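Visitor: Before I ask anything, let me first share the structure, which is written out below as structure tokens.
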């Protein structure tokens, strides 16, 4: 069974631009969570989607948004990029929400110049 | 108080020794607990999960959970240099529909 895939793997943007990242979960998984990982803050929860509904959101500004499609694929968008948005963005999928194990994709490395 | 706390390390152990990694969490409603390993430049990969109090063994790895003390640990027996990585403790409270990760403990296994 194919794992979680994320595209693109690397991205370089400039301040003020916007970016869209994509995540395809493991086949059959309906929950997708997004995390931001930086050396100083570790893995920070962004949001979680299940059956196209956002079930929870972390403490990030409204510039960070996401959505999930009917095939469980998910996208996250960051508008008006800031230097501090440079990070590794990880997507994780699980069968559903609750106690299920999450499996991570390879991540998208975003650099904001 | 952070929701999930880990000693950042680095923890250094000789090859063949037992490495002990610890984690505490603040939400008593937490129901599932995970240990992930993350190599530098890679994404986290699951090592073990544990739901019930007590020990759970998988090969060289043993996870221990004590809900009364809000404490989770991971023991790595016969540590190998390939075990050198950052180990992330994660706690899930299904009522909140999110998983909270600790900052991770860096482990170095010296050959």
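A short reminder: the numbers here are calculations on the coordinates, not readings from a lab. Quick caveat: nothing in here was measured; it's all calculated off a predicted structure. Quick reminder, even Gly has a Cβ in these numbers, built from the backbone with ideal geometry, and neighbours come from all protein chains shown.
Visitor: Would you mind telling me which numbered condition in (1) in a strand (DSSP E or B); (2) at the interface with chain B (Cβ under 8 Å from one of its Cβ atoms) residue A:75 fails?
Guide: Against the list (1) in a strand (DSSP E or B); (2) at the interface with chain B (Cβ under 8 Å from one of its Cβ atoms), residue A:75 comes up short only on (2).
Visitor: Could we say that residue B:31 is within 11 Å of chain A (Cβ to nearest Cβ) and under 30 Å from residue A:109 (Cβ atoms) here? Explain how you work it out, then say what you get.
Guide: Working: within 11 Å of chain A (Cβ to nearest Cβ): yes; under 30 Å from residue A:109 (Cβ atoms): no.
Against the criterion (within 11 Å of chain A (Cβ to nearest Cβ) and under 30 Å from residue A:109 (Cβ atoms)), residue B:31 does not qualify.
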